[in-house]
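What follows is one structure encoded as structure tokens, with my remarks underneath.
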Amino acid sequence: MVYDREIQGTEHTFGVSGKLIMNALVMYDHQSETLWSQFLSRGVKGPQVNQALEIVPAVQTTWQQWLSLHPDTLVLDKRGRYQGDTYEGYYRGGSAASWASQTRTDVCPARNWSWV
């Protein structure tokens, strides 16, 4: 999910809280320290609780596919911090951590990609 960082006319910057809700990222904003659920697309704790985040259209692709479609793309820092997918080990893991009251692994195994 990609969200607009402007909320009620104010630009926000976000960080990763280290928390999960329903196996999904919980962000926080540096301005109000509100916790934002990626799964629910809204604030879940703090001054902006229940405030909706606006979803911005995005595409999930590989670097090779992107570059073939946009050959003039420039890389800001090729040898910087982001050498790979930080969550690669997470996707391969077998256990699911979830705040949901019930997890049905017979319907969809933990951490499978789902597009709805």
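Annotation note: Cβ proximity below 6 Å between a residue of the stretch 41-69 that is on the phi > 0 side of the Ramachandran plot and a residue that is among the basic types (K, R) and in a strand (DSSP E or B) (sequence gap 6+ or interchain) occurs for N50/R42. Only strands (runs of 3 or more DSSP E) whose full extent lies in the stretch 1-65 are considered here, and none of them has at least 2 residues that are over 13 Å from the mean Cα position of the chain (by Cα), buried (at least 16 other Cβ atoms within 10 Å of the Cβ) and modelled with pLDDT under 95.
The values are calculated or read from the model by the stated rules, or taken from the named source; none is laboratory data. What you are looking at is a predicted structure, and each value in this text was computed from that prediction instead of being measured. Reconstructed Cβ throughout: ideal geometry from the backbone, glycine too, with neighbour counts over all protein chains shown.
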